[in-house]
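I'd like to ask you about the structure that follows.
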Amino acid sequence: MEIRSVDVHDDEQLRAWYDVYRACALDERDYPTAWTWPETVAAFRRPDKGNRRDAVVGEQSGGTVAASILVYPLLDNTHAVYAETAVLAQWRRRGIGTAMVDDIVQRSRTAGRRTVIAEVVYPFDAAEDHPFRAFARRLGFVEALSDVHRILDLPVDDPSDRPVAGPGHAPSPGLPDRHLAGPLSRRVPRGLR
C-alpha cells in the first residue's frame, strides 16, 4: 500500500480523498454528519490562521481505499494534532488502518506535536469491544472524552413532552441541570470588546 499526501488544490486528488471520507462517514451511522464537497474544498483551500489541514490517502490495487485528515492548531494547543482516519469497509482488517495511524503519528512527530487527538465514532449502545474502539485501544489510544450525538425530530409538538436526554440516556450525574431563563443578551461583556 502507498500512503501519500494529497495536493488539495488538485480536484481529482481531493475528490478521491473525499469519496473515501464520505463513504466511511456514512457507513454504520444512523445520522451521519459528513462534510459536503463544497465544505471540503473550502476547509482545505481557504486560508485559516488558526489551523493547517493536511489530507492523506492510502492507495491499494490502483484505488484510494483509506483517507486521513490531520488538523494542526497554529494559535493554541500547538502540542497537539487532531486526526481522523477511515478505511473503506471492504478493505478493513488488512493492516491498512494501522498503517494510516502509524503515518499520522509519524507526521505528528515530524511537525513537533506530542499529542494525537483522534475521534472514534460508534453506536451509543455498542459494547466495549466494538471493533473501532478495540482498534484504537490496540494502537495505544486511551478514551479521554465521550460525546453523544443526539437527534430531535422536528417539528416538536410540545417541547415539555420530550425527554431532554432520550429514553435510557439520562444526563450525566454530577452535572447541573441548566435552563434558559430568558432571552440572551446581545451585549458584549466588558473586556471582550
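Working out 0.36 nm times the residue gap between Glu59 and Thr36, then minus their Cα-Cα distance, what length gain in nm do you get to one decimal?
On the way: separation 23, 0.36 × 23 = 8.28 nm, distance 2.24 nm.
Full extension of this stretch gives 6.0 nm more.
Work out from phi, with θ = phi - 60° and the Karplus expression 6.51 cos²θ - 1.76 cosθ + 1.60, the ³J(HN,Hα) of each residue of the stretch 38-54, listed in order in whole Hz, and give x for Gly and Pro.
Listing the rounded values in order: x, 5, 4, 4, 5, 4, 8, 9, 7, x, 9, 5, x, 8, 10, 10, 10 Hz.
Within the set of other residues whose C-beta is less than 10 Å from the C-beta of Val81, count the net charge using Lys and Arg as +1 and Asp and Glu as -1.
Numbers: positive: Arg52, Arg107, Arg109, Arg113, Arg114; negative: Asp54.
Summing Lys/Arg as +1 and Asp/Glu as -1 gives +4.
On to the next question. So what J values fall out for the stretch 60-66 if you push phi through Karplus, 6.51 cos²θ - 1.76 cosθ + 1.60 with θ = phi - 60°, rounded to Hz, Gly and Pro as x?
Ordered by residue, 3J(HN,Hα) equals 9, 6, x, x, 7, 10, 8 Hz.
In what sequence do Ile96, Ile104 fall when counting other Cβ within 10 Å, fewest first?
Numbers: Ile96 20, Ile104 23.
Taking fewest neighbouring Cβ atoms as first place, the list is Ile96, Ile104.
Which of the trypsin sites (Lys or Arg not before Pro) found in the stretch 22-57 are loop residues per DSSP with 16 or fewer other Cβ atoms within 10 Å of their Cβ?
Details: sites: Arg22, Arg29, Arg45, Lys49, Arg52, Arg53; in loops: Arg29, Lys49.
Listed in order of number, the matching sites are Arg29, Lys49.
Whose amide H sits under 5 Å from the amide H of Asn51, counting only residues 5 or more places off or on another chain, with H placed in the peptide plane?
Excluding prolines and chain starts, which carry no amide H, the hits are Leu74.
A further question follows. Under a plain spin-label model, where a point goes 7 Å from the Cα along Cα-to-Cβ, how far apart in nm are Asp158 and Gln106?
6.2 nm
Using a simple charge model, +1 on the beta-carbon of Lys and Arg, -1 on the beta-carbon of Asp and Glu, nothing else, what dipole does the stretch 2-161 show about its Cα centre, in debye to the nearest 20? Walk me through the numbers on the way to the answer.
Working: 20 positive and 27 negative charges, 196 e Å.
For this selection, approximately 940 debye.
How would you order 58-70, 125-137 from highest to lowest mean count of nearby Cβ atoms within 10 Å? The partial results should precede the final answer.
Values: 58-70: 18.7, 125-137: 13.2.
Ranked by mean Cβ neighbours within 10 Å, highest first: 58-70, 125-137.
Each reported figure results from applying straightforward, stated rules to the coordinates on display, with no laboratory input. Owing to the predicted nature of the structure, the values given are computational and were not obtained by experimental measurement. All Cβ positions, glycine included, derive from the backbone under ideal geometry; neighbour counts span all protein chains shown.
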